[in-house]
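Scroll down for the structure; my scribbles are underneath it.
The values are calculated or read from the model by the stated rules, or taken from the named source; none is laboratory data. As the structure is a prediction and not an experimental result, all values here were calculated from the model. In this analysis, Cβ positions are derived from the backbone assuming ideal geometry, glycine residues included, and neighbour counts consider all displayed protein chains.
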Number of protein chains: 2
Amino acid sequence: MSALEAEMMEIGRRARAAAHALRLSSPEARTATIEAMAHRLRTQAGAIATINAGDVEAATRKLPNAQIDRLRFDTQGIEAVADGVAAIARQPDPVDAVLAEWTRPNGLRIERIRTPIGVIGMIFESRPNVAADAGALAIRSGNAVILRGGSESAATNAAIIETLRTALRERGLPEDAIQGVPTSDRAAVGMMLAGLDGAIDVIVPRGGKSLVARVQNEARVPVFAHLEGICHTYVHADADPAKAKAIAVNAKMRRVSVCGATETLLIDKAVADALLPPISIALHEAGCQLRGDGAAQAIIPMDAATEEDWSTEYLAPILSVRVVDGIAEAIAHIARYGSQHTEAIITENAAAAERFLREVDSAIVVHNASTQFADGGEFGFGGEIGIATGRLHARGPVGAEQLTTFKYVVRGDGQTRP
Amino acid sequence: MSALEAEMMEIGRRARAAAHALRLSSPEARTATIEAMAHRLRTQAGAIATINAGDVEAATRKLPNAQIDRLRFDTQGIEAVADGVAAIARQPDPVDAVLAEWTRPNGLRIERIRTPIGVIGMIFESRPNVAADAGALAIRSGNAVILRGGSESAATNAAIIETLRTALRERGLPEDAIQGVPTSDRAAVGMMLAGLDGAIDVIVPRGGKSLVARVQNEARVPVFAHLEGICHTYVHADADPAKAKAIAVNAKMRRVSVCGATETLLIDKAVADALLPPISIALHEAGCQLRGDGAAQAIIPMDAATEEDWSTEYLAPILSVRVVDGIAEAIAHIARYGSQHTEAIITENAAAAERFLREVDSAIVVHNASTQFADGGEFGFGGEIGIATGRLHARGPVGAEQLTTFKYVVRGDGQTRP
């Protein structure tokens, strides 16, 4: 066994022991600890920002500007993250909630009780806020977490993790509920994907498509993730023109780099002549480049979309546009090209809206609002550890509640089974 | 692509299309179809039993008696399965239930709605009732199912599947919601474990430990399963002697081959002298062989248990017995040797019971009742497709409700995200 392997197995054992203690801790202790995390992040903001400046400085020689921006974590950013952590402290504690209870004819009383999953393995790139969000959500849900961040932000992540661990110690919870993993050796990631000898219950990757694809392909434990968000906004024949324009621009352009950004605009043939020009102009004015099918190009000049465009997550100010012949064609397009992440319909027609919401098989379906609301904070979860497009256990934004499982508690008075 | 591979991929495509139709079918259509399944199983009972007699006849030359018994499916057995299917028809339909709903400060209304998982792959050995139970539960939960049974019961399974498909056709649901897979080529199992090119969402294995281990090791899709049920019954210091004796005998001996059978009896030092002799005698009279630790052997003669016994699932009339020094030692023994399936405490002491129920981290924890209640039917689920000891999505008996996932439905009136 290599030194790294021995170190990783020890991290796994410590996480498992901490998870055991967390599972049996009180909701009050968990709340107080998360509050202490928010407090310590605020009091340490200057120190963390200074350490982060070192990471940023070292990275400017190696990384493109977009990645540098993601790496940056100044006192303002740290304050915002502390606010998020404080919001998670105010969330209802999900552990030990009675999800269902019933009594059997033989008198057995059965309860389904929410319990923590155990140990979460988090593998993320660059953006340092992930460490604080994941740590707070793990404690809220009674889990331990093992964090493996990008090497570019190693010092920043280490400082954040140490801040969170101090809060755990301060409130009497085991500091090993939050552990960092050495970033110097990429082999650590492979060991996490193998589950650290049964110590990791679920892996959550956060980062680019290649990271998520690697995790999905190699992990021997369950994964909560989305490979990509090819999200659609469908402007129905009965769309309100002003809502359609405002939502289309926001869904694409508010932030182009998030997974809930709309990548394809579907517009109904019945209103394309009337609505596509003003929507296109508004998008163009916001800095968006359009790529349309033949019907869209016939209405207003834009680049041609190829077959590949329909299955492309641009994460850039580019939008593919297709004119569809009715709601069935819109739903069929989404079923064929979508990634089951988030899709919206814009319409004043209640029956059409209900049909879309029912028939589209995505984690999040939206009526008359922006797809960019696909976010744990916007859903009221206090935060999110990621967004999942898989169908099992967690789907959509993964907050504290989705980081729990359940067990059955059966109470009898001597029953034996006939 | 081999002919088998082409056939399997076609089965996957058909299942996916059927799942789409099932997801959008009405609860009434699903109920009527399951009722028709129960009816058709009854009217076809004679024909199926005759076909089964052929399977049994062919197997007698190849298989040991215990396996022949599992294979047998006479009219009485078929009637019992039809009763089970009818019970599943009476279960509340889980699909489209609103699991939670709330409104955000910006006016967005969010609902979490139960939806089917999609396509279930079922790999099972011999026991032919599994095909009918799995088919009925799949339809109840709006899913399609692909069934791969043992080759010994191929003709029986094919007859059952055809009966269920007839009921689907009769009620206007796609018959491909229930499909069988050729059993002549074992490569079909490997293809299912690879997910049939994304057509299978979850695999449920039912059978011996080697089958389950293979599925858990090789599957590239999520698995609902238990590798083994090393279940414990702990006789606490404040146990009622009569309950302790009755439950211990039932938990071990009612049926020794089920996963909820107790494999280890833990008995508290404080009452071992008084209670172990009568419990041992009752077990012995029921045909059970005991293997004890030194303390147990000092109280009443029995074979010696080795370290290996504590982690052995006998599935036989053998019970390991250990004297423990209090509840903490009992819980620690279970944490070390158990399989997180089902554990029971026998006590009249409410505080001890609550501690055990809370601290033991198993799918099912039981107070003053037999571990053999670990069963979907006994839980009131109408039936079960299996029992899961994994921590994600489904845990414990897997009924129709656990074969669903959820999606978020977001309703707005023009909201864009700031």
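A few notes on this one:
- Condition met for A:N217 (closer than 24 Å to A:L4 by Cα and not hydroxyl-bearing (S, T, Y)): yes
- Unique match (being basic (K, R) and in contact with a Phe, Trp or Tyr (Cβ under 9 Å, 6 or more places away or on another chain)) among B:R391, B:R355, B:R395: B:R395
- Test result for A:V258, among the β-branched types (V, I, T), touching a helix residue (DSSP H, G or I) at 6+ places or on another chain (Cβ under 8 Å) and not assigned by TED's automatic domain parsing to the domain that holds A:R355: no
- Pairs where the first residue, in the range A:291-309, is touching a residue at least 60 places away in the same chain (Cβ under 8 Å) and over 11 Å from A:S280 (Cα atoms) and the second is surrounded by fewer than 18 Cβ atoms within 10 Å (Cβ to Cβ) and among the small types (G, A, S), C-beta under 6 Å, 6+ apart: none
- Residue selected from the range B:96-113 under the condition in a strand (DSSP E or B) and away from every other protein chain (no Cβ under 11 Å), by the criterion nearest to B:E57 (Cα to Cα): B:V98
- Among the residues of the range A:80-95, those identified as buried (at least 20 other Cβ atoms within 10 Å of the Cβ), among the hydrophobic types (A, V, I, L, M, F, W, C) and not in a loop (DSSP other than H, G, I, E, B) are A:V81, A:A82, A:V85, A:I88, A:A89.
- All of A:E384, A:E359, A:E354, A:E378 fail the test of being under 21 Å from A:I117 (Cβ atoms) and among the acidic types (D, E), apart from A:E384.
- Test result for B:V271, touching a residue at least 24 places away in the same chain (Cβ under 8 Å) and farther than 30 Å from B:A17 by Cβ: yes
- Residue match in the range A:304-326 (condition: facing chain B (nearest Cβ under 8 Å) and either of a type in the set (A, V, I, L, M) or part of a helix (DSSP H, G or I) (or both)): no
- Each residue in the range B:166-186 was checked for being of a type in the set (D, E, K, R) and more than 27 Å from B:F406 (Cα to Cα), and 4 pass.
- Near pairs, Cβ below 7 angstrom, 6+ apart or cross-chain, from the range A:328-344 (over 18 Å from A:V366 (Cβ atoms)) to any residue that is in a helix (DSSP H, G or I): none
- Filter result for A:A225 (assigned to a loop (DSSP other than H, G, I, E, B), closer than 30 Å to A:A248 by Cα and more than 18 Å from the chain's Cα centre (by Cα)): no
- Residue within the range A:318-337 that is assigned by TED's automatic domain parsing to the domain that holds A:L276 and in contact with a Cys (Cβ under 8 Å, 6 or more places away or on another chain) present: yes
- Hits in the range B:222-254 - residues which are among the charged types (D, E, K, R) and without any contact (Cβ under 8 Å) to a residue 60 or more places away in the chain: B:K245
- Selection count, the range B:70-79, where residues are without any contact (Cβ under 8 Å) to a residue 24 or more places away in the chain and in a helix (DSSP H, G or I): 1
- Any hit, the range B:187-200, residues being closer than 28 Å to B:E35 by Cα and in the same structural domain as B:V130 (by TED's automatic domain parsing): yes
- Every condition in (1) crowded, with 16+ Cβ neighbours inside 10 Å; (2) in contact with a Leu (Cβ under 9 Å, 6 or more places away or on another chain); (3) over 30 Å from B:R16 (Cβ atoms) is met by B:D303 except one, and the failing one is (1).
- Test: A:L290 is in a strand (DSSP E or B) and either of a type in the set (G, A, S) or more than 24 Å from A:L137 (Cβ to Cβ) (or both): yes
- A:I331 among the hydrophobic types (A, V, I, L, M, F, W, C), in a helix (DSSP H, G or I) and buried (at least 17 other Cβ atoms within 10 Å of the Cβ): yes
- Check on B:L41, more than 14 Å from every other protein chain (Cβ to nearest Cβ), among the aliphatic types (A, V, I, L, M), within 15 Å of B:P128 (Cα to Cα) and touching a residue at least 60 places away in the same chain (Cβ under 8 Å): yes
- Scanning the range B:216-228 for residues that are more than 10 Å from every other protein chain (Cβ to nearest Cβ) and surrounded by 23 or more Cβ atoms within 10 Å (Cβ to Cβ) gives B:A225, B:H226.
- Of all residues in the range A:229-278, those satisfying the criterion of being among the basic types (K, R) and either buried (at least 24 other Cβ atoms within 10 Å of the Cβ) or within 14 Å of chain B (Cβ to nearest Cβ) (or both) are A:K243, A:K245, A:K252, A:R254, A:R255.
- A single entry from B:S280, B:S257 fulfils the requirement of being polar (S, T, N, Q), outside any loop (DSSP other than H, G, I, E, B) and touching a residue at least 24 places away in the same chain (Cβ under 8 Å): B:S280.
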